[in-house]
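A short reminder: the numbers here are calculations on the coordinates, not readings from a lab. Since this is a predicted model, take the numbers as computed values, not measurements. Using ideal geometry, Cβ is built from the backbone for each residue, glycine included, and neighbour counts are taken over all protein chains shown.
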Amino acid sequence: MKTKYVGKKISSYTIDTLIGQGRYGICFLAHSDDNQKVVLKKFKTKMFIKNAKKNEFEAVILSQLQDKRIPQLLGVINEKGFYGFVLEFKYGLTIKELLFKKHHKFSDKEIYEIGSKLIGIIKYLHHNGVVHRDIRIPNVLYDHGDVTLVDFGLARWSNNQYPFDMDYSYLGDFLLYLFYSTFESTKRSKKKPWYVELDLTDDQKQFLKKLLRLEPTYDSIDDVEAIFLKLFKC
């Protein structure tokens, strides 16, 4: 099912290859008639029907965001059993690919660079009333210093049900992946909590605990940004 679309033309786009898939949809790399690279995000039919009232959020939110660190919504396709979005193609590898395929070990300088830029994106979203709710390593691209946040399928306008601090726990978990990239363990060593295993200062550990809601969390993304920049600057 996933590969049957490869080589096929959908609307004015030809599908080149499968990028990946999640619970709700499948993403393909495609190109337009004038050879412009795009991403086609096809919704899985059953999930699309099941979540009919929620499908519009991603398109509406993306259409109101204008930032080079976020893919633009270029259009909507609804034909031949293919319903999905046309999204701007962004260069880079996901943090997940860098960790588990390239086995990249992130230096303190890289963690500071990626973390500060990702927080900057979250700050832009929050200041525009948007909570992403899915800031995970497959959804962050890194390309020669540039950081891009993708997949707004779970994004919502913030309210009492979707508070901004939902993004903080995702950010904390994301940062732990980066810190663990240089962690060396032995087969005989007993697994310990991250705040014991990782070589971090007490203030850095407290920062992460507050993001992960192990302690009372921060009031705003501005506070998160200020403290991260202070504690992790190389």
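Computed values, structure above
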| item | result |
| --- | --- |
| Computed [θ] at 222 nm, deg cm²/dmol, the chain (DSSP H ≥ 4; -39,500 (n - 2.57); rounded to nearest 500) | -10000 deg cm²/dmol |
| 0 to 90° range, to nearest 10: angle between helix 108-127 axis and the chain longest Cα axis | 60 degrees |
| Qualifying GluC sites (Glu not before Pro) in the range 128-234, DSSP loop, other Cβ atoms within 10 Å at most 10 | Glu184 |
| Flagged links, alpha-carbon separation over 29 Å, of Lys68/Lys205; Lys41/Lys117; Lys37/Lys210; Lys109/Lys192; Lys44/Lys192; Lys44/Lys191 | Lys68/Lys205; Lys37/Lys210; Lys44/Lys192; Lys44/Lys191 |
| Exposure proxy ranking, count of Cβ atoms within 10 Å, fewest first, for Cys27, Cys234 | Cys234, Cys27 |
| Gyration tensor (Cα) of the chain, equivalent ellipsoid semi-axes in angstrom | 34, 21, 16 |
| Overall form of the range 119-234 per C-alpha gyration tensor (a/c, 1.5; a/b vs b/c) | prolate |
| The chain: angle of helix 221-232 to the longest principal axis, Cα-based, in degrees nearest 10 | 50 degrees |
| Residue order, fewest to most surrounding Cβ atoms within 10 angstrom, among Thr217, Thr201, Thr182 | Thr201, Thr182, Thr217 |
| Hits among aspartates and glutamates - C-alpha to C-alpha of Lys190 under 18 Å, sequence gap 8 or more where chains match | Asp199 |
| Computed over the range 9-88, the ratio Rg/Rh where both radii use C-alpha atoms and Rh is Kirkwood | 0.95 |
| From phi via Karplus (6.51, -1.76, 1.60), per-residue ³J(HN,Hα) for the range 64-75 in Hz, x at Gly/Pro | 9, 10, 10, 7, 5, 8, 10, x, 7, 7, 9, x |
| Loop chymotrypsin sites (Phe, Trp or Tyr not before Pro), the range 165-234 (other Cβ atoms within 10 Å of the site Cβ: 15 or fewer; DSSP) | Phe183 |
| Nearest 10 degrees, 0 to 90: helix 202-211 Cα axis against the chain principal axis | 40 degrees |
| Burial order of peptide ranges 150-159, 17-26 (average beta-carbon count within 10 Å, highest first) | 150-159, 17-26 |
